[in-house]
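Note sheet for the following structure.
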Amino acid sequence: MYSQRHGSSRFASTSVIKQSSGGSFGGKSSQLPPLDVPLRGITLPPPLPDYVEPAKIKITSLPNGIKIASETSPSPAASVGLYINCGSIYETPESSGATHLLDLMAFKSTTNRSHLRLVREVDAIGGNVYMSASREQMCYTYDAFKAYVPEMVEVLIDSVRNPAFFDWEVKEQLQKMQADIAEVSDNPQYLLLEALHSAGYSRALAKPLVAPVSAVHRLDSSILEKFIYENYIAPRMVLVATGVEHDELVSIAEPLLSDLPGVKPPEDPKSVYVGGDYRCQADSAKTHVALAFEVPGGFYEEKTAIIATILKMLMGGGCFCSSGGLGNGIYSRLYLRILTNYQQIEFFSAFNSIYDRSGLFGIQAITVSLLYCVLMKPRKIALDASLVCLGNILHSLVSNMFIV
């Protein structure tokens, strides 16, 4: 409502908030209404039911082997992901590090649109794109409002199927990859996880997830194109969406994916769990330790994988704050039984890494230098012995005083 009575106020307020004078500095202040009083003109939504039937997952297989899966959701948002059975275990000596570089090259220029155009199209609908790479899977994901599902699917598939791999973009991402390598080389916990794989496995799962230093000067666009041609094949792909009607998703995606050749995938690389140990000398005041065991069968042995996951959650873990406070995970079993009783341990946690046919379950810890612990133990024993000896001497002196 426009107000002409007061020149200093153009709009009359109809707020339920009462105006009152007498603020801290003599001005006006607002007194908010209590939270249990409904606002005028606001209709409360109906309460949520006690139980909601989970949405059923629908799956369609295209003639070339690609699977399309979806489930509906009442949420206004939708998420579409293209999952590919491809990762560092599929790398060869020539393509070592390709998974890491493809992670950085995701959603760059394609043969149909420039990187700038792709970014602007994503921003125009308030979307979010991201990519994750692991040893066995690679995932390209697009999140936005469900009204834009056709645009989401088209951009997602175009980014996966038609990357341009311009030399200047590849060189730019190689520089970022070099920075990543330098960063993880100073991350003891990450190096520890990589060491567990290299010591515990032979062949496929022993390959590093982060590219080796040599890959920076070896990888180029031709190697990436060959790696995608050999591994981004129809039988290894699954298009998944949530918040989307299944028939709509199939009608949008099928024309964009049906021309992929349905070639028979090569045999998956084999991994053999052999066990072992890895030790690395470092100029550090702390010692990082991990102990792991195989989870045989991996996800194909569903019961074993579930047990390992539950056991990890039950054991938990935690750490002390850098300032000496309680830190995280103070109610977990490992915190209560390890960290509270052994002050030299700063971090203690259970972990698991489950793959298709195998996996690792174990514990990792960060302690003060083991050399410090070794040196302090004899010192503590000597100190305790000295205190006992001193106590005996004082007791003897007191006894002699009474005798005299």
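The values are calculated or read from the model by the stated rules, or taken from the named source; none is laboratory data. Given the structure is predicted, the values throughout are model-derived calculations rather than measurements. Reconstructed Cβ throughout: ideal geometry from the backbone, glycine too, with neighbour counts over all protein chains shown.
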Could you please find all residues in the stretch 220-263 being hydroxyl-bearing (S, T, Y) and either farther than 25 Å from P76 by Cα or not assigned by TED's automatic domain parsing to the domain that holds Y140 (or both)? S221, S222, Y229, Y232, S258
With the structure loaded, tell me whether K270 is closer than 30 Å to L174 by Cα and of a type in the set (D, E, K, R) or whether it fails that test. yes
Listed residues V250, V238, V244; which is part of a strand (DSSP E or B), surrounded by 14 or more Cβ atoms within 10 Å (Cβ to Cβ) and touching a residue at least 60 places away in the same chain (Cβ under 8 Å)? V238
Residue check for S198: more than 20 Å from K270 (Cα to Cα) and part of a helix (DSSP H, G or I): no
For the list (1) closer than 25 Å to Q281 by Cα; (2) at pLDDT 85 or above; (3) of a type in the set (S, T, Y), I need the number of the one condition that Y372 fails. (2)
I'd like the residue in the stretch 67-96 that is within 15 Å of E136 (Cα to Cα) and aliphatic (A, V, I, L, M) and, out of all such residues, is surrounded by the fewest Cβ atoms within 10 Å (Cβ to Cβ). I84
Kindly indicate which of V129, V153 is β-branched (V, I, T), under 16 Å from the mean Cα position of the chain (by Cα) and assigned by TED's automatic domain parsing to the domain that holds S70. V129
Within the stretch 97-130, the residues that are surrounded by 19 or more Cβ atoms within 10 Å (Cβ to Cβ) and polar (S, T, N, Q) are T99, S109, T110
